[in-house]
1. Would you work out the relative contact order for the chain, in percent, from Cα pairs under 8 angstrom that are 6 or more residues apart?
2. Scanning the chain for chymotrypsin sites (Phe, Trp or Tyr not before Pro) in DSSP loops with at most 14 other Cβ atoms within 10 Å, what's the longest stretch left with none?
3. If you take the charge dipole of the stretch 333-400 about its Cα centre, with +1 on Lys and Arg Cβ and -1 on Asp and Glu Cβ, which of Ala392, Ala366, Val378 is farthest toward its positive end?
4. Note down the accessible area of His393, probe 1.4 Å, to the nearest 10 Å².
5. Which whole-number value in Å² is the accessible area per residue of the chain, probe 1.4 Å?
6. Rounded, prolate or oblate: which one fits the stretch 38-119, using the alpha carbon gyration tensor with axes a ≥ b ≥ c (rounded when a/c is under 1.5, else prolate when a/b beats b/c, else oblate)?
7. Calculate log10 I(q)/I(0) of the chain for q = 0.07, 0.10, 0.13, 0.14 Å⁻¹, where I(q) comes from the Debye formula with a single equal point scatterer on each Cα and nothing for solvent.
8. Which of the GluC sites (Glu not before Pro) found in the stretch 184-263 are loop residues per DSSP with 16 or fewer other Cβ atoms within 10 Å of their Cβ?
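The values are calculated or read from the model by the stated rules, or taken from the named source; none is laboratory data. The model shown is predicted, which means the values in this text are computed figures rather than measured ones. Because the Cβ atoms are built from the backbone with ideal geometry, glycine has one as well, and the counts that use them run over all protein chains shown. Note: accessible area is taken over every heavy atom of the protein model, side chains too, but ligands, DNA and RNA are not part of it. Shrake-Rupley method; radii C 1.70, N 1.55, O 1.52, S 1.80 Å.
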Amino acid sequence: MAVWNGRFKKSLDEEALKFSSSIELDSRMYNEDIDGSVAHVKMLAKQKIISVAESKKIIKALEEIRKEIADGAYVIDWTKEDIHSAIEERLVQKIGDVGKRLHTARSRNDQVALDERLFLKKEINLTIKLISDLQKSLLKKAEKYKSVVVPGYTHLQRAQPILFAHHLIAYIEMLERDKERLIDCLKRSDKSPLGAAAFAGTSLPIDRNYPAELLGFKGIVENSIDAVSSRDLIIEFISAMSIIMMNLSRLSEEFILWSSSEFSFAQTDDAYATGSSLMPQKKNPDFAELIRGKSGRVFGALTGIVTLMKGLPLAYNRDMQEDKYHLMTALDTTKDCLKIAANMIEHTEFKADRFEEELTGDLSLATDLLDYLVRKNVPFREAHHLVGKIVAHCVEKGIKLNQLDLSEYKKFSPAFEKDLYGLLSPMNSIRKKISAGSTSPKEVNKALRKWKRRLSFG
């Protein structure tokens, strides 16, 4: 029998019950639900709303139910409607009428809000750990290939040579901000809604702060309506997941490009690549492609939950039951992608000598020529124009910058001297970078040391 059935003469139609059941998703929060019930019962006993003996009996049975669920001895099926009802039903089966006191001064509205906040606190910390693991994988590669020169791109056109480590550190920085967003979300998750009941509190003499303290919250959600009718925390969490997935998708896109014959830079272990059912020669970066594709699931979850909430009047509405679908979709997808991305990076090697020779004299060193002229006291705009003409000349002739002799350079500007040829190698270009750009070997090594300390990486 449903926990609300007293007012009704008929039970729910089976199809209606299936349609309304959320237990497939909220059963994942059974630990949080039991933790919340234990704290609630302790409060009821403290406030003398139930006896100490009754509270002990309920708590003992709740812990037995926790073990039964974990061991698979108590199988929760869709007919139980939700995890709260399932646990309460099992409690009454075990200890009889005493179990019916569990829900005193509580509603499923504040109960599910509590479960979700406890669940978020746990999952935020687990996700932060996964992000750190990915950062460490990137850091290992950055350290291993810290002297490797690659072309840097803007508009997917060669721009300037950079150290590959500098490129990878950019993703470490992005992921650090992802962690910061989650830490910030954690602060707002750290308040208990328990005691709000359905939405207007209770006339029973409860103590809202006591279970909040027992559960490790830093306070309570003071307004009872807000406590049960807001899902902005879940929206914020899924938003943070969406940004993580966007960053992972960008990283995956680069892995896909680097793995192509045109780039011929990344070589992923067979354990993280697939072949073709038709073309025997193929080795496809499918896992990077899957991460890129799965980002759409998380973006969809964000769109889904803001659409869900946008038209709801206060306080609780049953629409909000759908929040768990979007939460679990975003959470599971992002965690899986973080794990696979870290493993994929661990199982990828890069061709250290792929670009250095190709970049010697490359047009991507044109900015170094510009800076050279500026250092020779040529006004910037004039220097920019002169180097543009040199580039156009090289393009027309089909040659590199280091294939022009000094006499030809002097035709463009007398400021050019013999010392210009030293800067037409990619490594010399990188060495001359000023610390403000963080691109020189010195600054890249400094960044590597910083991230080793921050990530407690050996």
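1. Working: 599 pairs, mean separation 73.0, N = 458.
The normalised contact order for the chain reaches 16 percent.
2. Details: sites that count: Trp4, Phe8, Phe457.
Here the longest run is 9-456.
3. Result: Val378.
4. Approximately 50 Å² of His393 is accessible to the 1.4 Å probe.
5. 49 Å²
6. In terms of gyration-tensor shape, oblate.
7. -0.54, -0.84, -1.14, -1.24
8. Glu222, Glu262
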